[in-house]
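Report on the structure given below.
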């Protein structure tokens, strides 16, 4: 994979690796042992211990998908604004996928990317905090690009499946770096309301009656939004309820 020519800082320092446990873990180890520059990027052909949200294993066929982690240092952001960072990254990844399909692309709370109703991309952001500021964010993105079969993942898809065509991973990698940099600069300009509005405009199942499951029961409700703490807001029989990531499952 080649370094990026049309960004200012993301992807300028690039480590392109064949087989590692996890791109996020590789970046974290690098931070622990080296002076790491913001925008440093690692990309792998295969990772054998990749993780998604809540520690779930990330399945990826070697050489078929985009597995990338980017180091960002948003010291300009306070910890209370952390979920705006998540929203901005989700928007960047969504915009990347939209460049390669005409189908509907959604953000499924908190930051999975769907083509129609099937997951095409996962995002794992690992953050370190210093005082009330964000020190480092390792942004891990796993995008299903050319993989055609997924074991025991009935709701997974890829660009190759939806578009019936193979893609150059370099093209998607370059678009991803450009989009993340674009939205990162939007955050730097303190345009949090713009980020929030765009996120909600692409929120999966917003304002649609949907079924959910918590630890204790099944219920129906309408997603009305996501608050600044990152909690999902659902209207249930006219009463608003808020849920954290581990508290609720979409059905």
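Compute the FRET efficiency between residue 153 and residue 188 as 1/(1 + (r/R0)^6), taking r as their Cβ-Cβ distance and R0 = 30 Å, and round to the nearest 0.05. Could the numbers behind the result be given before it?
Values: r = 36 Å, r/R0 = 1.20.
According to the calculation, E is roughly 0.25.
Could you work out the mean projected area of the convex hull around the alpha carbons of region 93-209, in square nanometres to one decimal? Mean projected area of the Cα convex hull: 8.9 nm². Here the spin labels are modelled as points 7 Å beyond Cα on the Cα-Cβ line, and at residue 201 and residue 104 they lie 1.7 nm apart. One compactness figure for region 209-250 is 1.04, namely its Cα radius of gyration divided by 2.2 N^0.38 Å.
Projected over every direction and averaged, the convex hull enclosing the alpha-carbon atoms of region 74-151 yields 5.9 nm².
What is the mean projected area of the alpha carbon convex hull for region 1-122, to one decimal in square nanometres? The partial results should precede the final answer.
Numbers: hull surface 34.2 nm².
If you wrap the Cα atoms of region 1-122 in a convex hull and average its projections, you get 8.5 nm².
Quick one: Kirkwood hydrodynamic radius for region 180-251, alpha-carbon pairs, angstrom, one decimal? Write down the numbers at each step before the final one.
Working: mean 1/r = 0.0743 Å⁻¹.
Roughly 13.5 Å, rounded to one decimal.
The value obtained for region 76-119, namely the Cα convex hull volume divided by the number of residues, is 56 Å³ per residue. Estimated from helical segments only, the mean residue ellipticity of the chain at 222 nm is -8000 deg cm²/dmol, where each DSSP H run of four or more residues counts as -39500 (n - 2.57).
Volume per residue of the convex hull around the Cα atoms, evaluated for region 14-201, comes out as 113 Å³.
Spatially, region 178-242 and region 127-145 are offset by 20 Å when compared through their Cα centroids.
No value in this document is a laboratory result; all are computed from the given coordinates. Keep in mind that what you see is a predicted model, and the values were worked out from it rather than measured. Cβ coordinates were reconstructed from backbone atoms using ideal geometry, including for glycine residues, and neighbour counts include every protein chain displayed.
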